[in-house]
Amino acid sequence: MPMYKKSMFILLVLLLAAAGGTMYGVHMQEQAVALDAAEVQEETDAKAAITVYVTGAVSRPGVVTLREGARAAEAVNACGGLLPTADQERVNMAQPLQDGQQLRVPEKKAGDGKTAAGSQDGNGCVNINTADEKELDSLPGVGPAMAKRIIEYRETQGRFERIEDIKKVRGIGEAKFAKMKDKLCI
């Protein structure tokens, strides 16, 4: 093969390689634009959800993620619903929520400042679902650390259904339960 034909062949191969590289680059750039558009769509979807913090007289207080435009009732339901001691008349369950909002559900108050259901009844019985640390500490065999454990269990696991359920709290066995069972109520 003569020299000029070899040079032309090499030049042709180089031109084809350059054209192929350019086409490949354009193709990859089109794909990158498509990915950017997908990321924008995901950000739009993420903005369609809101996160709110629900506290107070609900079964499982905490942070919940809801759809944009959700109402207070949806946030309360996502936290397991209201406790019997909740004062739902002081919360507008129809109010629309905003991202980052805290929704506090207060407890009913009686004239003496106790909850309406009462943490202690007239007989000195302590309601293990509503009692605070001080009231739980008054139980036989319960100190400040155990009172905190009872409240922590109640907040993470939900309300006690029977007084015997208090034995599920770490550190309360049959002997300790026998000492306090006459002073417990639900």
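Checked against the criterion of being in contact with a helix residue (DSSP H, G or I) (Cβ under 8 Å, 6 or more places away or on another chain), aliphatic (A, V, I, L, M), in a loop (DSSP other than H, G, I, E, B) and outside the structural domain of Val63 (by the TED database), segment 132-153 has at least one qualifying residue. The residues of segment 142-186 that are loosely packed, with under 12 Cβ neighbours inside 10 Å, under 27 Å from the mean Cα position of the chain (by Cα) and of a type in the set (Gly, Ala, Ser) amount to a single one, Ala145.
Is it true that Gly171 is over 30 Å from Ala70 (Cβ atoms), at pLDDT 85 or above and touching a helix residue (DSSP H, G or I) at 6+ places or on another chain (Cβ under 7 Å)?
yes
Only one of the numbered conditions (1) in the same structural domain as Gly173 (by the TED database); (2) at pLDDT 85 or above is violated by Asn127, and that is (1).
Here's the yes/no breakdown for (1) in contact with a Leu (Cβ under 8 Å, 6 or more places away or on another chain); (2) in a helix (DSSP H, G or I); (3) at pLDDT below 90; (4) closer than 30 Å to Thr156 by Cα:
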residue: Gly25; (1), (2), (3), (4): no, yes, yes, no
residue: Ala34; (1), (2), (3), (4): no, yes, yes, no
residue: Thr65; (1), (2), (3), (4): no, no, no, yes
residue: Met93; (1), (2), (3), (4): no, no, yes, yes
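Among the candidates Asp165, Asp99, Asp112, the residue that is part of a loop (DSSP other than H, G, I, E, B), among the charged types (D, E, K, R) and modelled with pLDDT of 85 or more is uniquely Asp99.
The values are calculated or read from the model by the stated rules, or taken from the named source; none is laboratory data. Owing to the predicted nature of the structure, the values given are computational and were not obtained by experimental measurement. No Cβ is skipped: glycine too gets one built from the backbone with ideal geometry, and neighbour counts run over all protein chains shown.
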